[in-house]
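The values are calculated or read from the model by the stated rules, or taken from the named source; none is laboratory data. This structure is a prediction, so every number in the text was calculated from the model and none was measured. Neighbour counts are summed over all protein chains in view; Cβ atoms, including those assigned to glycine, are modelled from backbone coordinates with ideal geometry.
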Amino acid sequence: MGARPDPRGQARYTQARPVSGVPAGPFFVTLGCAAAALLVMMAVTFAVALKAGKHSVVDTAWGIGIAVVALVALVSSLGYGQPARRGLLAAAAVIWGLRLAAYIGYRNRHPRPALPRPAQQGQGRQERLRAAHHSTCSRP
């Protein structure tokens, strides 16, 4: 059987250690900075949407918000973590967020034509069925 710890021995660790290894202080500083940046960005977006009279502006802002949070988190957490990993993750989030914002902005400026209503679709389908029936049933 395995050796058991000696109950008379002194404890190896006298201070409590964080469970995940993430320092709580810098984490909450980064979280607060990101939340503040998003609040400011969404307030500006709301003002732009009111002035433009189009609330679809908010859809584009979500992608920009992803990029803003990535940049704010990168800057506010300087000195923690591995710089190459942090930079790579921030760059990926910024690229993805800006791509999303560009796509949604384009889609909002160039909407696709609406699909025909189901009643109209059914009429076309009935005509196709009649034509198919007529071509198969009228053969000798």
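Matching residues to (1) part of a loop (DSSP other than H, G, I, E, B); (2) among the hydroxyl-bearing types (Ser, Thr, Tyr); (3) within 29 Å of PRO23 (Cα to Cα):
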site: ASP59; (1), (2), (3): no, no, no
site: GLY65; (1), (2), (3): no, no, yes
site: TYR80; (1), (2), (3): yes, yes, yes
site: ASN108; (1), (2), (3): no, no, no
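Give segment 58-90 a look and list any residue that's exposed (fewer than 13 other Cβ atoms within 10 Å of the Cβ) and not β-branched (Val, Ile, Thr), or say none.
Scanning segment 58-90 gives LEU78, GLY79, GLN82, PRO83, ALA84, ARG85, GLY87, LEU88.
What single numbered condition from (1) basic (Lys, Arg); (2) modelled with pLDDT of 90 or more; (3) surrounded by 11 or more Cβ atoms within 10 Å (Cβ to Cβ) fails to hold for LYS51?
(3)
For segment 6-19, check the following and say yes or no: at least one residue is modelled with pLDDT of 85 or more and of a type in the set (Val, Ile, Thr).
Just the residues of segment 6-19 that are modelled with pLDDT of 85 or more, to begin with: none.
Within segment 6-19 (the criterion being modelled with pLDDT of 85 or more and of a type in the set (Val, Ile, Thr)), the answer is no, since none of the residues qualifies.
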